[in-house]
Amino acid sequence: MTEYKEKFEKMRIAGKLASRTLDMLTDYIKAGICTNKIDELAFEFIKDNGGYSAPQYYRGFSKSVCTSLNHVVCHGIPSDRILEDGDIVNVDVTAIVNEYYGDTSRMFIIGNSSIKSKNLIDATYNSMMNAIKILKPGVKLGDIGNEIQTYVEKKGYSVVRDFCGHGISNIFHEPPNILHYGKKDTGLEVFPGMTFTIEPMINAGKYDVKILNDGWTAVTKDKTLSAQFEHTVGITENGYEIFTESAKGYNKPPY
Ligand code: MF3
Ligand code: CO
Ligand code: CO
(Lines give C-alpha, C1' and ligand atoms only; values in the text may rest on other atoms or scores of the structure.)
(Ligands and ions follow the chains in the order given, each with its own letter.)
Protein backbone atom coordinates (compact mmCIF):
# COMPACT_ATOMS: atom_id res chain seq x y z
CA MET A 1 0.00 0.00 0.00
CA THR A 2 2.43 2.64 -1.14
CA GLU A 3 0.58 4.15 -4.07
CA TYR A 4 0.05 7.42 -2.20
CA LYS A 5 3.75 7.90 -1.44
CA GLU A 6 4.29 10.01 -4.56
CA LYS A 7 1.34 12.19 -3.72
CA PHE A 8 2.71 12.63 -0.19
CA GLU A 9 6.09 13.67 -1.55
CA LYS A 10 4.40 16.42 -3.58
CA MET A 11 2.28 17.48 -0.60
CA ARG A 12 5.45 17.68 1.49
CA ILE A 13 7.10 20.03 -1.01
CA ALA A 14 4.08 22.33 -1.31
CA GLY A 15 3.45 22.23 2.43
CA LYS A 16 7.06 23.08 3.18
CA LEU A 17 6.97 26.13 0.91
CA ALA A 18 3.78 27.39 2.57
CA SER A 19 5.23 26.98 6.06
CA ARG A 20 8.59 28.50 5.05
CA THR A 21 6.65 31.50 3.77
CA LEU A 22 5.10 32.00 7.21
CA ASP A 23 8.52 31.50 8.83
CA MET A 24 9.95 34.18 6.55
CA LEU A 25 7.05 36.57 7.21
CA THR A 26 7.45 36.25 10.98
CA ASP A 27 10.32 38.76 11.08
CA TYR A 28 8.17 41.34 9.28
CA ILE A 29 4.82 40.96 11.01
CA LYS A 30 5.36 43.74 13.52
CA ALA A 31 3.73 47.07 14.39
CA GLY A 32 4.03 49.53 11.49
CA ILE A 33 3.79 47.12 8.55
CA CYS A 34 0.66 47.17 6.41
CA THR A 35 -1.05 43.97 5.35
CA ASN A 36 -0.40 44.74 1.67
CA LYS A 37 3.32 44.54 2.42
CA ILE A 38 2.83 41.08 3.97
CA ASP A 39 0.98 40.08 0.81
CA GLU A 40 3.77 41.37 -1.41
CA LEU A 41 6.51 39.63 0.59
CA ALA A 42 4.62 36.33 0.43
CA PHE A 43 3.99 36.68 -3.30
CA GLU A 44 7.68 37.29 -4.06
CA PHE A 45 8.94 34.56 -1.74
CA ILE A 46 6.63 31.91 -3.16
CA LYS A 47 7.47 32.91 -6.74
CA ASP A 48 11.22 32.96 -6.03
CA ASN A 49 10.95 29.44 -4.63
CA GLY A 50 9.22 27.89 -7.60
CA GLY A 51 5.59 28.13 -6.55
CA TYR A 52 2.39 30.09 -7.02
CA SER A 53 0.08 31.68 -4.47
CA ALA A 54 -3.24 29.88 -4.80
CA PRO A 55 -5.53 32.70 -3.57
CA GLN A 56 -4.36 34.94 -6.45
CA TYR A 57 -6.22 32.81 -8.91
CA TYR A 58 -9.04 31.78 -6.63
CA ARG A 59 -12.53 33.07 -7.44
CA GLY A 60 -11.40 36.66 -7.89
CA PHE A 61 -9.72 36.96 -4.49
CA SER A 62 -6.67 38.41 -6.31
CA LYS A 63 -4.31 38.84 -3.33
CA SER A 64 -1.69 36.24 -2.40
CA VAL A 65 -2.56 35.64 1.25
CA CYS A 66 -5.43 36.24 3.65
CA THR A 67 -4.78 38.61 6.55
CA SER A 68 -7.52 38.41 9.18
CA LEU A 69 -7.29 40.91 12.03
CA ASN A 70 -8.95 40.89 15.42
CA HIS A 71 -12.68 40.20 14.86
CA VAL A 72 -12.08 39.03 11.29
CA VAL A 73 -12.70 35.28 11.23
CA CYS A 74 -11.08 34.49 7.88
CA HIS A 75 -10.55 35.67 4.26
CA GLY A 76 -9.38 39.14 5.28
CA ILE A 77 -8.09 40.99 2.21
CA PRO A 78 -4.64 42.61 2.48
CA SER A 79 -4.89 46.41 2.35
CA ASP A 80 -3.13 49.56 3.50
CA ARG A 81 -4.20 48.81 7.09
CA ILE A 82 -1.14 49.17 9.32
CA LEU A 83 -0.65 46.68 12.11
CA GLU A 84 -0.78 48.28 15.54
CA ASP A 85 0.22 47.36 19.05
CA GLY A 86 -2.38 44.99 20.49
CA ASP A 87 -3.66 43.67 17.16
CA ILE A 88 -3.89 39.95 16.55
CA VAL A 89 -3.72 38.74 12.97
CA ASN A 90 -4.00 35.44 11.14
CA VAL A 91 -1.94 35.06 7.99
CA ASP A 92 -3.10 32.23 5.73
CA VAL A 93 -0.75 31.06 2.98
CA THR A 94 -1.56 28.55 0.25
CA ALA A 95 1.30 27.63 -2.09
CA ILE A 96 1.06 25.55 -5.25
CA VAL A 97 4.17 23.61 -6.27
CA ASN A 98 4.06 21.20 -9.22
CA GLU A 99 0.26 21.40 -9.10
CA TYR A 100 -0.01 20.34 -5.46
CA TYR A 101 -1.24 22.59 -2.64
CA GLY A 102 0.10 23.38 0.82
CA ASP A 103 -2.30 25.39 3.01
CA THR A 104 -1.36 26.73 6.43
CA SER A 105 -2.06 29.66 8.72
CA ARG A 106 -0.80 31.01 12.02
CA MET A 107 -1.74 33.76 14.44
CA PHE A 108 0.58 36.66 15.17
CA ILE A 109 0.42 39.03 18.13
CA ILE A 110 1.51 42.60 17.45
CA GLY A 111 3.39 44.13 20.37
CA ASN A 112 1.65 43.67 23.68
CA SER A 113 -1.70 41.99 23.50
CA SER A 114 -4.24 41.39 26.21
CA ILE A 115 -4.20 38.15 28.15
CA LYS A 116 -7.65 37.59 26.62
CA SER A 117 -6.19 37.46 23.10
CA LYS A 118 -3.32 35.30 24.19
CA ASN A 119 -5.62 32.75 25.84
CA LEU A 120 -7.86 32.59 22.76
CA ILE A 121 -4.85 32.04 20.50
CA ASP A 122 -3.43 29.34 22.77
CA ALA A 123 -6.73 27.50 22.93
CA THR A 124 -7.17 27.66 19.16
CA TYR A 125 -3.70 26.23 18.54
CA ASN A 126 -4.18 23.51 21.14
CA SER A 127 -7.55 22.52 19.71
CA MET A 128 -6.01 22.04 16.26
CA MET A 129 -3.11 20.02 17.61
CA ASN A 130 -5.37 17.88 19.83
CA ALA A 131 -7.39 16.99 16.76
CA ILE A 132 -4.29 16.21 14.70
CA LYS A 133 -2.83 13.98 17.41
CA ILE A 134 -5.75 11.53 17.30
CA LEU A 135 -5.42 10.97 13.54
CA LYS A 136 -4.96 7.40 12.31
CA PRO A 137 -6.90 5.09 10.01
CA GLY A 138 -10.37 4.40 11.38
CA VAL A 139 -10.76 7.69 13.23
CA LYS A 140 -13.98 9.34 12.11
CA LEU A 141 -14.49 12.92 10.95
CA GLY A 142 -16.90 13.45 13.87
CA ASP A 143 -14.07 12.55 16.27
CA ILE A 144 -11.95 15.35 14.80
CA GLY A 145 -14.69 17.93 15.19
CA ASN A 146 -15.56 16.68 18.65
CA GLU A 147 -11.98 17.01 19.84
CA ILE A 148 -11.90 20.68 18.84
CA GLN A 149 -15.41 21.55 20.00
CA THR A 150 -15.20 20.01 23.47
CA TYR A 151 -11.79 21.57 24.14
CA VAL A 152 -12.72 25.13 23.22
CA GLU A 153 -16.28 25.12 24.56
CA LYS A 154 -14.94 24.12 27.99
CA LYS A 155 -13.10 27.43 27.92
CA GLY A 156 -16.23 29.37 26.96
CA TYR A 157 -15.28 29.88 23.30
CA SER A 158 -17.26 28.87 20.23
CA VAL A 159 -16.46 27.04 17.00
CA VAL A 160 -17.32 28.82 13.74
CA ARG A 161 -19.79 26.73 11.75
CA ASP A 162 -19.79 28.51 8.39
CA PHE A 163 -16.25 27.56 7.35
CA CYS A 164 -14.45 24.26 7.60
CA GLY A 165 -11.32 22.32 6.71
CA HIS A 166 -11.22 20.51 3.38
CA GLY A 167 -9.65 17.79 1.34
CA ILE A 168 -6.63 19.12 -0.55
CA SER A 169 -4.16 17.63 -3.04
CA ASN A 170 -3.84 18.85 -6.64
CA ILE A 171 -7.13 20.67 -6.03
CA PHE A 172 -7.35 23.52 -3.49
CA HIS A 173 -10.67 22.55 -1.92
CA GLU A 174 -11.98 19.03 -2.48
CA PRO A 175 -14.23 16.69 -0.51
CA PRO A 176 -14.61 15.90 2.28
CA ASN A 177 -15.46 18.91 4.42
CA ILE A 178 -13.67 18.72 7.75
CA LEU A 179 -16.04 20.22 10.32
CA HIS A 180 -14.50 21.60 13.49
CA TYR A 181 -17.44 20.51 15.61
CA GLY A 182 -19.27 17.21 15.82
CA LYS A 183 -20.11 14.03 17.63
CA LYS A 184 -17.74 11.21 18.42
CA ASP A 185 -17.98 8.04 16.32
CA THR A 186 -19.92 9.71 13.51
CA GLY A 187 -19.06 10.48 9.90
CA LEU A 188 -16.55 9.15 7.42
CA GLU A 189 -13.53 7.10 8.55
CA VAL A 190 -10.16 8.49 7.55
CA PHE A 191 -7.85 6.18 5.59
CA PRO A 192 -4.19 5.98 4.54
CA GLY A 193 -3.39 8.35 1.69
CA MET A 194 -6.10 10.87 2.57
CA THR A 195 -4.91 14.51 2.67
CA PHE A 196 -6.87 17.39 4.19
CA THR A 197 -6.66 20.54 6.29
CA ILE A 198 -7.66 21.15 9.88
CA GLU A 199 -8.22 24.87 10.39
CA PRO A 200 -10.46 25.71 13.34
CA MET A 201 -11.79 29.26 13.60
CA ILE A 202 -12.54 29.93 17.26
CA ASN A 203 -14.48 32.95 18.52
CA ALA A 204 -14.25 34.51 21.96
CA GLY A 205 -18.00 35.14 21.77
CA LYS A 206 -20.75 33.55 19.68
CA TYR A 207 -20.03 31.53 16.56
CA ASP A 208 -22.15 33.58 14.16
CA VAL A 209 -20.31 35.31 11.33
CA LYS A 210 -21.24 37.74 8.59
CA ILE A 211 -19.58 38.60 5.31
CA LEU A 212 -18.68 42.22 4.60
CA ASN A 213 -19.65 44.02 1.39
CA ASP A 214 -16.33 43.13 -0.26
CA GLY A 215 -17.79 39.64 -0.62
CA TRP A 216 -14.90 37.98 1.23
CA THR A 217 -14.11 39.31 4.70
CA ALA A 218 -15.87 37.17 7.33
CA VAL A 219 -16.26 38.83 10.75
CA THR A 220 -17.83 37.81 14.03
CA LYS A 221 -21.39 39.13 14.25
CA ASP A 222 -20.89 40.13 17.89
CA LYS A 223 -17.53 41.78 17.08
CA THR A 224 -15.62 39.55 19.49
CA LEU A 225 -12.11 38.35 18.67
CA SER A 226 -11.52 35.32 16.48
CA ALA A 227 -8.43 33.15 16.04
CA GLN A 228 -7.40 30.41 13.61
CA PHE A 229 -4.53 28.05 12.86
CA GLU A 230 -4.30 25.68 9.91
CA HIS A 231 -2.21 22.66 8.99
CA THR A 232 -2.31 20.40 5.94
CA VAL A 233 -2.04 16.77 7.03
CA GLY A 234 -1.97 13.28 5.52
CA ILE A 235 -3.14 9.98 6.97
CA THR A 236 -0.49 7.22 7.04
CA GLU A 237 -0.74 3.46 7.76
CA ASN A 238 -0.59 4.03 11.49
CA GLY A 239 -0.95 7.74 12.10
CA TYR A 240 -0.48 11.04 10.35
CA GLU A 241 2.03 13.40 8.82
CA ILE A 242 1.90 17.21 9.08
CA PHE A 243 3.03 18.69 5.75
CA THR A 244 3.10 22.30 6.95
CA GLU A 245 5.12 22.10 10.15
CA SER A 246 7.41 25.10 10.80
CA ALA A 247 11.08 24.22 10.30
CA LYS A 248 11.84 26.98 12.80
CA GLY A 249 9.49 25.76 15.49
CA TYR A 250 7.20 28.79 14.98
CA ASN A 251 4.14 26.97 16.20
CA LYS A 252 2.26 29.61 18.17
CA PRO A 253 3.19 33.04 19.49
CA PRO A 254 5.49 34.26 20.86
CA TYR A 255 7.77 33.40 17.92
N1 MF3 B 1 -6.56 29.44 2.58
C2 MF3 B 1 -7.99 29.43 2.76
C3 MF3 B 1 -8.32 28.05 3.28
O4 MF3 B 1 -7.77 27.69 4.27
C5 MF3 B 1 -8.73 29.75 1.53
C6 MF3 B 1 -8.51 31.11 1.08
S7 MF3 B 1 -9.36 31.36 -0.36
C8 MF3 B 1 -9.09 32.97 -0.66
O9 MF3 B 1 -9.04 27.28 2.72
F10 MF3 B 1 -9.45 33.16 -1.85
F11 MF3 B 1 -9.74 33.69 0.24
F12 MF3 B 1 -7.81 33.22 -0.50
CO1 CO C 1 -7.63 25.61 4.01
CO1 CO D 1 -5.73 28.35 4.37
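The values are calculated or read from the model by the stated rules, or taken from the named source; none is laboratory data. Note that the structure is predicted; figures quoted are calculated from it, not measured. Here Cβ is always computed from backbone atoms with ideal geometry, including for glycine, and neighbour counts include all displayed protein chains.
Miscellaneous remarks
- Any chance MET128 is in a helix (DSSP H, G or I) and under 19 Å from the mean Cα position of the chain (by Cα): yes
- Residues in region 221-235 that are touching a residue at least 60 places away in the same chain (Cβ under 8 Å), over 16 Å from THR67 (Cβ atoms) and more than 16 Å from ligand 2 (Cβ to nearest atom) were compared, and the one that is surrounded by the most Cβ atoms within 10 Å (Cβ to Cβ) is ILE235.
- Sole exception among (1) touching a residue at least 12 places away in the same chain (Cβ under 8 Å); (2) closer than 24 Å to SER158 by Cβ; (3) more than 16 Å from ligand 1 (Cβ to nearest atom) for PRO137, by number: (2)
- The sole residue among ASP185, ASP122 that is among the acidic types (Asp, Glu) and closer than 24 Å to HIS71 by Cα is ASP122.
- If you go through region 61-93 and pick out every residue that is out of contact with any Phe, Trp or Tyr (no Cβ under 6 Å at 6 or more places or on another chain), within 16 Å of ligand 1 (Cβ to nearest atom) and β-branched (Val, Ile, Thr), you end up with 6.
- Residue tally, condition assigned to a loop (DSSP other than H, G, I, E, B) and buried (at least 20 other Cβ atoms within 10 Å of the Cβ), over region 140-163: 2
Table: residues versus (1) out of contact with any Leu (no Cβ under 9 Å at 6 or more places or on another chain); (2) more than 12 Å from ligand 2 (Cβ to nearest atom); (3) at pLDDT 95 or above.
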| residue | (1), (2), (3) |
| --- | --- |
| GLU153 | yes, yes, yes |
| TYR157 | no, yes, yes |
| GLY165 | no, no, yes |
| TYR181 | yes, yes, yes |
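- Checked against (1) more than 11 Å from ligand 1 (Cβ to nearest atom); (2) out of contact with any Pro (no Cβ under 6 Å at 6 or more places or on another chain); (3) not aromatic (Phe, Trp, Tyr), HIS173 passes all but condition (1).
- Total residues in region 162-188, condition hydroxyl-bearing (Ser, Thr, Tyr) and touching a Phe, Trp or Tyr at 6+ places or on another chain (Cβ under 9 Å): 2
- Unmet criterion (only one of (1) small (Gly, Ala, Ser); (2) free of Cβ contacts under 8 Å to residues at least 12 places away in the same chain; (3) within 20 Å of ASP23 (Cα to Cα)) for SER62: (3)
- Within the set TYR52, TYR57, the sole residue that is more than 14 Å from ligand 3 (Cβ to nearest atom) and at pLDDT below 95 turns out to be TYR57.
- Residue ID - farthest from ligand 3 (Cβ to nearest atom), chosen from residues in region 81-119 that are out of contact with any helix residue (DSSP H, G or I) (no Cβ under 9 Å at 6 or more places or on another chain) and of a type in the set (A, V, I, L, M, F, W, C): ILE115
- Near pairs, Cβ below 8 angstrom, 6+ apart or cross-chain, from region 184-207 (without any contact (Cβ under 8 Å) to a residue 60 or more places away in the chain and within 16 Å of ligand 1 (Cβ to nearest atom)) to any residue that is of a type in the set (S, T, N, Q) and assigned to a strand (DSSP E or B): PHE196/THR232
- Test: residue in region 63-81 that is farther than 24 Å from ASN213 by Cα and not charged (D, E, K, R): no
- With respect to the conditions (1) away from ligand 1 (no atom under 16 Å from the Cβ); (2) closer than 19 Å to TYR101 by Cα, HIS231 lacks only one, and its number is (1).
- Checked against the criterion of being under 16 Å from the mean Cα position of the chain (by Cα) and among the aliphatic types (A, V, I, L, M), region 140-149 has at least one qualifying residue.
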